[in-house]
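Enquirer: I am attaching a structure below and will ask some questions about it afterwards.
The values are calculated or read from the model by the stated rules, or taken from the named source; none is laboratory data. Note that the structure is a prediction, hence the values are computed from the model and not measured. Here Cβ is always computed from backbone atoms with ideal geometry, including for glycine, and neighbour counts include all displayed protein chains. We work out accessible area using only protein heavy atoms, side chains counted, and drop any ligands, DNA or RNA first. Shrake-Rupley method; radii C 1.70, N 1.55, O 1.52, S 1.80 Å.
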Amino acid sequence: MTSKGSNSRPATQIHGVIVRLQPVRGSDLIVVLLTAAHGMVEAYARSARKPSKRFGGRLEAFVSGAAEVGKSRGSLLTLRSFAPSQRLLPQATGYEQLALASYFAELAIAASQPEHADAMLHNWL
């Protein structure tokens, strides 16, 4: 589904699982989502680590949800919003479970390709 974004560039709604969060500069993040329809999607989330911003702590690894992404001036997409729908790991996950989930996420990232849909890989994760 495509909609108009706040900065007049078209936005796309995608559903996926956050498999990696990479800090950039002060409070920005690069968010890597694994989606059934679009494969691996990397998006730049400006000011994502500031609690008062639109993401407000909702960006966590191993959370599935609906993301709105749009084109930016650069080659990376911009993450405009993220609405979590399901936490894939319990809140009180131990170190061993978190390490195993991280390993599976890295395997999924290595096996996926940008803009190459792989529903089986998404479902496996």
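Enquirer: Has the stretch 17-35 got any residue that is modelled with pLDDT of 85 or more, on the phi > 0 side of the Ramachandran plot and either part of a strand (DSSP E or B) or within 12 Å of the chain's Cα centre (by Cα) (or both)? It would help to see each step written out before you state the result.
Expert: Of all residues in the stretch 17-35, those modelled with pLDDT of 85 or more come to 17-24, 28-35.
Narrowing further to those that are on the phi > 0 side of the Ramachandran plot: none.
Looking for residues that are modelled with pLDDT of 85 or more, on the phi > 0 side of the Ramachandran plot and either part of a strand (DSSP E or B) or within 12 Å of the chain's Cα centre (by Cα) (or both), one finds none in the stretch 17-35, hence no.
Enquirer: State which residue is least open to solvent (accessible area, probe 1.4 Å) when the search covers only the stretch 52-71 and only residues that are more than 25 Å from residue 101 (Cβ to Cβ) and at pLDDT 80 or above. Steps first, please.
Expert: Looking only at the stretch 52-71, we keep the residues that are more than 25 Å from residue 101 (Cβ to Cβ), and these are 52-54, 68, 70-71.
Now restrict to residues that are at pLDDT 80 or above: 68, 70-71.
Values: 68: 34, 70: 3, 71: 133 Å².
Selected residue: 70.
Enquirer: A further question on this structure: Just to be sure before I move on: is residue 86 surrounded by fewer than 10 Cβ atoms within 10 Å (Cβ to Cβ) and either at pLDDT 80 or above or part of a loop (DSSP other than H, G, I, E, B) (or both) in the structure I sent?
Expert: Values: surrounded by fewer than 10 Cβ atoms within 10 Å (Cβ to Cβ): yes; either at pLDDT 80 or above or part of a loop (DSSP other than H, G, I, E, B) (or both): yes.
In short, yes.
Enquirer: Would you pick out the residues in the stretch 44-70 that are of a type outside the set (D, E, K, R) and either touching a residue at least 60 places away in the same chain (Cβ under 8 Å) or more than 20 Å from residue 119 (Cα to Cα) (or both)?
Expert: 44, 45, 47, 48, 51, 52, 55, 56, 57, 59, 70
Enquirer: I would also like to ask the following. Check the stretch 32-43 and report whether any residue there is closer than 25 Å to residue 120 by Cβ, surrounded by 14 or more Cβ atoms within 10 Å (Cβ to Cβ) and free of Cβ contacts under 8 Å to residues at least 40 places away in the same chain.
Expert: Yes, the stretch 32-43 has at least one match.
Enquirer: Let me ask something else. For the stretch 73-83, give me each residue that is open to solvent by 70 Å² or more (accessible area, probe 1.4 Å) and either closer than 18 Å to residue 48 by Cβ or among the basic types (Lys, Arg) (or both). Before you say what the answer is, go through the steps one by one.
Expert: Within the stretch 73-83, the first condition is being open to solvent by 70 Å² or more (accessible area, probe 1.4 Å), and the residues that meet it are 73, 75.
73 - this is the single residue of the stretch 73-83 that is open to solvent by 70 Å² or more (accessible area, probe 1.4 Å) and either closer than 18 Å to residue 48 by Cβ or among the basic types (Lys, Arg) (or both).
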